[in-house]
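The values are calculated or read from the model by the stated rules, or taken from the named source; none is laboratory data. For clarity, every value in this text was computed on a predicted model and none was experimentally measured. All Cβ positions, glycine included, derive from the backbone under ideal geometry; neighbour counts span all protein chains shown. Note: areas computed on protein heavy atoms with side chains; ligands, DNA, RNA excluded. Shrake-Rupley method; radii C 1.70, N 1.55, O 1.52, S 1.80 Å.
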Amino acid sequence: MASNVQVVKAAYEAFGRRDIPGVLATFDPGIEWRLAEGHPYAPHGEPWRGPAAITRSFFMRSGGEWDGFAVSLEALHEAGDAVVAERRYTGTFKARARALDAQVCHVWM
């Protein structure tokens, strides 16, 4: 059985290969995904529940709206049953030709 850190690492590796089915395969069917407050994909902070909602609300949308979007690994930290991922988002938002380079933190529980 894979450790929590190994599962999270596999999800990010699949994302890096643009293997969305591989990413989704790492998700629990009851996954709840929340974006940062004010994020344009969920401006009211509403969570997405389940892989289908995440696919529809994030993966299907973001794939066409960004050039060179990448999520690079800074560090993974095991915290009991949770994993904290320090990441960096980079890419260019096509609609505004605006570059993104942002430090982010993901918490997997």
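Only residues that are farther than 13 Å from Phe59 by Cβ and either surrounded by fewer than 11 Cβ atoms within 10 Å (Cβ to Cβ) or among the hydroxyl-bearing types (Ser, Thr, Tyr) (or both) were counted across the range 1-27, and they come to 6. Please work out which residue is least open to solvent (accessible area, probe 1.4 Å), limiting yourself to the range 28-47 and to residues that are in contact with a Lys or Arg (Cβ under 9 Å, 6 or more places away or on another chain) and more than 22 Å from Glu13 (Cβ to Cβ). Across the range 28-47, the extreme among qualifying residues is Ala42.
Whenever a residue of the range 51-65 is within 13 Å of Pro21 (Cα to Cα), its partners that are in a helix (DSSP H, G or I), lying with C-beta atoms within less than 6 angstrom and at least six residues away or across chains, give the pairs Pro51/Leu24; Phe59/Ile20.
Here the condition is being closer than 18 Å to Val107 by Cα, aromatic (Phe, Trp, Tyr) and touching a residue at least 12 places away in the same chain (Cβ under 8 Å); of Tyr12, Tyr41, it holds for Tyr12 alone. Of everything in the range 57-103 that is open to solvent by less than 40 Å² (accessible area, probe 1.4 Å) and outside any strand (DSSP E or B), the residue that is nearest to Glu13 (Cα to Cα) is Phe59. If the condition is being more than 21 Å from Glu78 (Cβ to Cβ), touching a helix residue (DSSP H, G or I) at 6+ places or on another chain (Cβ under 6 Å) and small (Gly, Ala, Ser), then the range 1-40 contributes only Gly22.
Does Val83 count as in contact with a Lys or Arg (Cβ under 8 Å, 6 or more places away or on another chain), aliphatic (A, V, I, L, M) and touching a residue at least 40 places away in the same chain (Cβ under 8 Å)? Answer is no for this residue.
On the basis of being in contact with a Ser or Thr (Cβ under 9 Å, 6 or more places away or on another chain) and surrounded by 11 or more Cβ atoms within 10 Å (Cβ to Cβ), does Ala52 make the cut?
No.
Examine the range 65-86 for a residue that is among the aliphatic types (A, V, I, L, M), modelled with pLDDT under 95 and more than 17 Å from Asn4 (Cα to Cα), and state whether such a residue exists. For the range 65-86, residues among the aliphatic types (A, V, I, L, M), modelled with pLDDT under 95 and more than 17 Å from Asn4 (Cα to Cα): present.
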